[in-house]
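What follows is one structure encoded as structure tokens, with my remarks underneath.
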Amino acid sequence: MSFRNRKLLQSSSSIILRGFRFYNTKSNPKVDFNKLRPMILKRIEDRAQEYPVKTMLPLAHEVLNARATLYDGVSTLIQHIPIWACKDCPEVYIGEGGHLIRTCHGYKHHAKNKVHSWVKGSVDNVIVPVETFHLHKMFQNVINHHERFDYDRIPAIVELCLHAGADSNHQTDSSTLLTPSSPEPLSGDELRILATRTLKAWETLRTGVHKLLLVYPARVCKHCSEVHVGPSGHKARMCGVFKFESWRGTHFWQKAGVDDLIPPKLVWYRRRQDPPILVDEGREYYGRAPVLLDLCSKAGAIVPSKYFCMMKMDGMTAPIKQ
């Protein structure tokens, strides 16, 4: 081997080995986890002293106020705008009557592509209730399966705000936020103002929850809609309640996002160029929209431009069969 080739081989070997360190495992002592456990627990206790973050307290109050405004607005709007819910699946539609799109899969997904069975909808069909265990303190022992009845279930957004230092005496039951069942007559302008305020509260709520999740951890199960607000998920074996696939299984936790605490729940959106009743043949042309956005837009609120793409506002209409 020539001197030049030998130098090239040495330089290439140094490049490959650069950045790596080799340790002699026999000389290194083994890690004693029994000694590390008290240190880890002490660090968790010290971390708890840093919460709640005082600068996040006004944001928590803003989120709770937006939530109350949202429930008040939706409960009033559904008394003036028709809302329909399928009694066999979670499908919802806003309009004078239900659509004819065959997307119903039945109660336990046993059916396939059948027509929906429409009934009058409620507030829970617009604002999907997401509940979680109410912790006595943010950093506490993990809830075991046999302890699941020792903790109350409250809205996940309220639990997140309580972790942020909000007043614990705040209304935690969604039913207490609803207005009386007797509707009051509203003019077109009053209905439009209410819809605009409700849509603004929804946007404020989602933005505030997004900021709170950057500071306070929350978990969601990968296989179902269970949410847990806290540094680690609980051990209650409830997975499968929503999908009936792994009954009474353990949850597979991952980081939660805004859509996990505030599900947008997309619905079919009827545009100006669409027929009065949406049929199954034109489903590829129809747009989709969050149910609350559709409700507020039909009451006169202006739709933000960021939703135009998913709503297909200027899209083509379905061809009419001769």
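A full extension of the chain between His210 and Met310 corresponds to an added length of 33.9 nm, given 0.36 nm per residue minus the alpha carbon distance. Amide H contacts of Glu131: Ala156, each under 5 Å away and 5 or more positions distant or on a separate chain (H built 1.01 Å from N in the peptide plane; Pro and chain starts excluded).
Converting phi to 3J(HN,Hα) with the Karplus coefficients 6.51, -1.76 and 1.60 and the offset θ = phi - 60°, the stretch 300-306 yields x, 6, 7, 7, x, 5, 5 Hz in sequence order, with x at every glycine or proline. What FRET efficiency, computed as 1/(1 + (r/R0)^6) with R0 = 41 Å and r the Cβ-Cβ distance, is obtained for Val119 and Lys35, rounded to the nearest 0.05? Once rounded, the FRET efficiency stands at 0.10. Over all projection directions, the Cα-based convex hull of the stretch 197-306 averages an area of 9.4 nm².
Could you compute the net charge surrounding Gly287? Neighbours are other residues with a C-beta less than 9 Å from the C-beta of Gly287; K and R count +1, D and E count -1. Result for the local shell: +3. Distances between placed amide hydrogens fall under 5 Å for Lys312 paired with Arg288, all partners being 5 or more residues away or on another chain. When you work out D = kT/(6 pi eta Rh) for the stretch 259-302 at 20 °C and 1.002 mPa s, using the Kirkwood radius from C-alpha pairs as Rh and the Stokes-Einstein form, the result is 185 µm²/s. Here the Karplus curve 6.51 cos²θ - 1.76 cosθ + 1.60, taken at θ = phi - 60°, turns the phi angles of the stretch 214-224 into couplings of 6, 10, 10, x, 8, 10, 9, 6, 5, 9, 8 Hz, with x standing for Gly and Pro. Footprinting exposure proxy ranking of Cys89, Cys309, Cys161, Cys221, fewest other C-beta atoms within 10 angstrom first, gives Cys309, Cys89, Cys221, Cys161. Within the stretch 216-314, which GluC sites (Glu not before Pro) sit in a loop by DSSP and count at most 15 neighbouring Cβ atoms inside 10 Å? Qualifying residues, ordered by number: Glu245, Glu284.
Bear in mind that the values in this text are calculations on the coordinates, not laboratory data. Because the structure is predicted, anything quoted here is derived from the model rather than measured. Note that each Cβ is placed from the backbone with ideal geometry, even for glycine, and that neighbours are counted across all protein chains shown.
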